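K.L.:
Before I ask anything, here is the structure I am working with.
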Amino acid sequence: MAKIAVLGYGVVGSGVVEVIHKNGRTIAGKTRADLEVKYILTRRDYPGDPFEELIVKDFSVIENDPEITIVAECIGGCGAALEYVRRALKSGKSVVTSNKELIAEHGCELLSLAKERNLNLLFEASVGGGIPILRPLNQCLAANELTEVYGILNGTTNYILTKMIRHGLPFDEVLKDAQQKGYAEADPTADIEGFDACRKICILAALSFGKHVYPRQVKTVGITQITAEDIAFASAAGMRVKLLGRAMLNEEGKLIIYVAPHLMDEENQLANVEDVFNAIIVKGDAIGDVMFYGKGAGKLPTASAVVADVIDASKHAESRKYIHWVDGNDDYVADADAYPMRWFVRAAMTEDEARAKFGKITVIPHQTEGQIGFITEPVSRYGINAASEGCEVLSVISVLD
Ligand code: HSE
């Protein structure tokens with residue numbers, strides 16, 4: 001019997017307790033992992049909660065209980081969560097976490113701590129919620145030389161963009177509606193500014209290419225500047241707008257990594273990933289392209305991934321699973337703005353002026369008073385900035401080829 005402590009009793013933590021309680025027998029039957037939640041760490045009281053007697057408020061109770069072999073961290077952020085994860089590992093307990101910020105910022109340090117003590121640190125739920133992606137990357141695709149990983153990594157922004165595309169509504173209106181319906185948080189900054197997707201692409205890049213990338217190293221653009229006009233031009237070109245996180249190695253072995261909205265052909269697999277769904281594409285030299293699709297957020301999908309890690313940790317109590325990457329450095333990350341790609345440009349200028357400034361362009365057949373929308377040939381962001389000088393450029397959005 002593996003005795004577990006769940007840290008945090010919010011959406012994810014309560015989902016983890018619920019799944020272990022509800023499916024414990026099935027899990028034991030299928031995997032021989034016999035799991036019992038012994039403690040729930042939370043600052044709040046939950047009078048009348050069915051698991052009320054498991055609640056503790058002091059982490060040292062968990063830290064000093066030798067029966068606890070696995071800690072499931074579901075607090076989030078890098079405050080108490082970081083302290084407790086360090087203390088759990090130092091006191092000989094394996095850790096499972098859904099906390100992308102923790103892994104994106106401190107994964108290298110925490111993996112080393114786990115390795116030194118022959119413990120597991122597993123974090124499947126930190127990327128893609130319930131979608132199995134990290135384990136397949138680390139295990140099933142291990143035979144491949146991976147060259148690129150990219151995808152729709154944030155459900156909230158995908159929901160907002162989907163509604164903007166379907167109903168032609170402006171960003172602010174859709175965001176307000178998403179908040180009222182509970183799809184977007186009261187403070188949506190991490191989602192709409194791309195920070196959440198940034199943390200997830202850092203984790204995917206570290207696992208794919210073996211070196212830690214810190215969020216501060218990643219050029220990150222969210223969706224707040226996307227307008228209904230941009231979407232209308234994209235639709236007229238047979239394209240859709242999606243927020244992508246993208247990481248790939250260039251010829252010098254440096255990492256090109258960024259988060260940004262992209263226009264893509266509506267036939268592209270990612271263009272048809274809608275609402276709160278996430279999808280991640282991995283490119284490997286043996287497998288070619290493989291796509292992972294599913295619900296990237298939510299109580300039970302995320303709990304499903306956390307509990308799968310708890311099962312794995314309990315089955316590998318003696319033989320640590322090999323998940324490791326080394327620290328990167330600033331040299332490892334290339335300047336994403338130097339990467340040549342096609343761009344969608346919306347500007348207040350004539351077609352002749354656009355051709356004179358941007359060279360060969362494909363004009364989008366859509367009329368908006370005094371505006372033109374076009375797609376450039378591949379050029380770096382610096383090239384676009386130089387061409388834009390002295391003109392009234394209203395939008396510049398990457399195009400996915
Ligand atoms: N806020 C995140 C999203 C939750 O919208 O995808 C899952 O990480």
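K.L.:
How many residues does segment 364-401 contain that are under 21 Å from Met248 (Cα atoms) and of a type in the set (Asp, Glu)?
P.N.:
Residues that pass the stated criteria total 2.
K.L.:
Taking the residues in segment 179-202 that are near the ligand (Cβ under 10 Å from one of its atoms) and modelled with pLDDT under 95 as candidates, determine which candidate is nearest to Gln225 (Cα to Cα).
P.N.:
Ala184
K.L.:
Still on this structure: When both residues are 6+ apart or on different chains and their Cβ atoms are under 7 Å apart, which pairs have a first residue that lies in segment 140-158 and is farther than 19 Å from Val273 by Cα and away from the ligand (no atom under 16 Å from the Cβ), and a second that is modelled with pLDDT of 95 or more and part of a helix (DSSP H, G or I)?
P.N.:
Correct list of pairs: Leu146/Ser208; Leu146/Phe209.
K.L.:
Can you give me the number of residues within segment 182-212 that are out of contact with any strand residue (DSSP E or B) (no Cβ under 8 Å at 6 or more places or on another chain), buried (at least 24 other Cβ atoms within 10 Å of the Cβ) and at positive phi?
P.N.:
Total meeting the criteria: 0.
K.L.:
Return the total of residues in segment 225-236 being more than 17 Å from Glu369 (Cβ to Cβ) and surrounded by fewer than 17 Cβ atoms within 10 Å (Cβ to Cβ).
P.N.:
2
K.L.:
Of all residues in segment 296-337, which are more than 16 Å from the ligand (Cβ to nearest atom), small (Gly, Ala, Ser) and surrounded by 19 or more Cβ atoms within 10 Å (Cβ to Cβ)?
P.N.:
Correct list: Ala308, Ala313, Ser314, Gly328, Ala336.
K.L.:
Quick one: count up the residues across segment 350-386 that are more than 16 Å from Tyr339 (Cα to Cα), touching a helix residue (DSSP H, G or I) at 6+ places or on another chain (Cβ under 7 Å) and free of Cβ contacts under 8 Å to residues at least 40 places away in the same chain.
P.N.:
Number of matching residues: 6.
K.L.:
Checking Arg246 against (1) within 15 Å of the ligand (Cβ to nearest atom); (2) crowded, with 19+ Cβ neighbours inside 10 Å; (3) of a type outside the set (A, V, I, L, M); (4) assigned to a strand (DSSP E or B), which single condition isn't satisfied?
P.N.:
(1)
K.L.:
Tally time: how many residues in segment 340-349 are without any contact (Cβ under 8 Å) to a residue 60 or more places away in the chain and of a type outside the set (A, V, I, L, M)?
P.N.:
Total meeting the criteria: 3.
K.L.:
Among the listed residues Leu400, Leu394, identify the single one that is modelled with pLDDT of 95 or more and over 10 Å from Arg346 (Cβ atoms).
P.N.:
Leu400
The values are calculated or read from the model by the stated rules, or taken from the named source; none is laboratory data. These figures come from a predicted structure and were not determined experimentally. So basically every Cβ, Gly included, is an ideal-geometry build from the backbone, and we count neighbours across all protein chains shown.
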